[in-house]
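For reference, the structure is listed below as structure tokens.
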């Protein structure tokens, strides 16, 4: 089960003056903007028998409110107001079949074994049982703080108990070996998964867009789509350093509101990704996603889109990483009554991220 809620608000105020040699009076402009965003998501997947069949529940709620007040003054004082509220609600229920396994702890256990060899504490390989037990310990690492006041102490005691069966002790380590081994366990990597799942969902999608302005002008646009959805997702570890992923989804259905603007909605999306870990501290990701959407039964609105993304993440230290991201978004809109137009965007982001949590569940603040 995964539940996430976030809320944010912004306020912006601008003031400007206009002077002219031909117009003695000074013109001023006051502009104030308020906005609020509320977002929540809920996902629950559970197996219901022994043949890898599961049910899936999901919901997404996103509400955005924005107000803009503009007060220009000059020869004639006026005040303008614009306000909008956008609501998006999505609820889904479905069935699927397949298995999804988080193998990140297993990769970390193998990395830990490699570092034991580097500090001359291990000549061969750990037993298969020790690798499995280490993976279990690493998976539970972030939960030690829920039951212990000194979680690090108890975590490493349990790790030492696990590898003691192979004759290894963590006592009397020098500072380098201690830091080297701890670094391997606490390092944050991309999520590794072995997965092949497929399923179908029934989804309701409600959209409400309200806009009002000075002079009592307002507009309200509502859409309520009932969609059928089919999907397949695949992810596989090519080796210890790389992962390949693939996904495809097809959805479509009618708008059931009487005052509808769009009658039908269809979409096809596919995604292929490749993650590669160059070293223990450099992670690269390569993803490409293709989407094709039709709106209205007569295909009045067709939007093919391709999104290519490359990212590089270098961990300067355990909780601090340098991030470089390149994204190319290419989209073509075909509208029968407005013709065709193309959107071609290139975006580059460079920055730092600090990780407050250790292990496989973490939050970041971008600097």
Requested in this report: State which residue is surrounded by the most Cβ atoms within 10 Å (Cβ to Cβ) when the search covers only the stretch 246-265 and only residues that are in a strand (DSSP E or B) and at pLDDT below 85.
Outcome: 265
Query raised in the report: If you check every pair at least six apart or on different chains, which have Cβ atoms under 7 Å apart with a residue in the stretch 121-148 that is farther than 25 Å from residue 191 by Cβ first and a residue that is in a loop (DSSP other than H, G, I, E, B) second?
Result: 121/168; 122/168
Report summary line: Within the stretch 209-226, the count of residues that are more than 18 Å from residue 253 (Cα to Cα) and either free of Cβ contacts under 8 Å to residues at least 40 places away in the same chain or surrounded by 14 or more Cβ atoms within 10 Å (Cβ to Cβ) (or both) comes to 12
Requested in this report: Mind telling me which of the residues 269, 311 ends up being at pLDDT 80 or above and closer than 30 Å to residue 224 by Cα?
Outcome: 269
Report task. Take residue 195 and decide whether it is within 21 Å of the chain's Cα centre (by Cα), surrounded by 15 or more Cβ atoms within 10 Å (Cβ to Cβ) and in contact (Cβ under 8 Å) with a residue 40 or more places away in the chain. Result -> yes
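This table checks each residue for (1) at pLDDT below 70; (2) part of a strand (DSSP E or B); (3) closer than 30 Å to residue 184 by Cβ.
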| site | (1), (2), (3) |
| --- | --- |
| 326 | no, yes, yes |
| 337 | yes, no, no |
| 343 | no, yes, no |
| 350 | no, yes, yes |
| 358 | yes, no, yes |
Query raised in the report: Among the listed residues 97, 110, 60, which satisfies the condition of being closer than 30 Å to residue 245 by Cβ, under 33 Å from the mean Cα position of the chain (by Cα) and without any contact (Cβ under 8 Å) to a residue 40 or more places away in the chain?
Result: 60
Query raised in the report: What number of residues within the stretch 155-180 are farther than 14 Å from residue 130 by Cβ and surrounded by fewer than 13 Cβ atoms within 10 Å (Cβ to Cβ)?
Result: 7
Query raised in the report: Within the bounds of the stretch 81-103, is there any residue that is farther than 26 Å from residue 219 by Cα and touching a helix residue (DSSP H, G or I) at 6+ places or on another chain (Cβ under 8 Å)?
Result: yes
Report task. Specify the residue that is nearest to the chain's Cα centre (by Cα); the eligible residues are those in the stretch 272-305 that are closer than 18 Å to residue 226 by Cα and either part of a strand (DSSP E or B) or at pLDDT 70 or above (or both). Result -> 293
Query raised in the report: Is it the case that some residue within the stretch 230-237 is surrounded by fewer than 16 Cβ atoms within 10 Å (Cβ to Cβ), touching a strand residue (DSSP E or B) at 6+ places or on another chain (Cβ under 6 Å) and either modelled with pLDDT of 80 or more or under 30 Å from residue 97 (Cα atoms) (or both)?
Result: yes
Report summary line: Of the conditions (1) at pLDDT below 90; (2) under 30 Å from residue 181 (Cβ atoms); (3) not in a strand (DSSP E or B), the single one that residue 134 does not satisfy is (1)
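The rows are residues; the columns are (1) farther than 30 Å from residue 83 by Cα; (2) part of a loop (DSSP other than H, G, I, E, B); (3) modelled with pLDDT of 85 or more.
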{"position": "205", "(1), (2), (3)": "no, no, yes"}
{"position": "215", "(1), (2), (3)": "no, yes, no"}
{"position": "218", "(1), (2), (3)": "no, no, no"}
{"position": "223", "(1), (2), (3)": "no, no, yes"}
{"position": "244", "(1), (2), (3)": "yes, no, yes"}
Query raised in the report: Quick one: is residue 256 at negative phi and more than 24 Å from the chain's Cα centre (by Cα)?
Result: yes
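The values are calculated or read from the model by the stated rules, or taken from the named source; none is laboratory data. Everything numeric in this text was worked out from a predicted model, so none of it was measured. For neighbour counting, all protein chains shown are included, and Cβ atoms are generated from backbone atoms with ideal geometry for every residue, glycine included.
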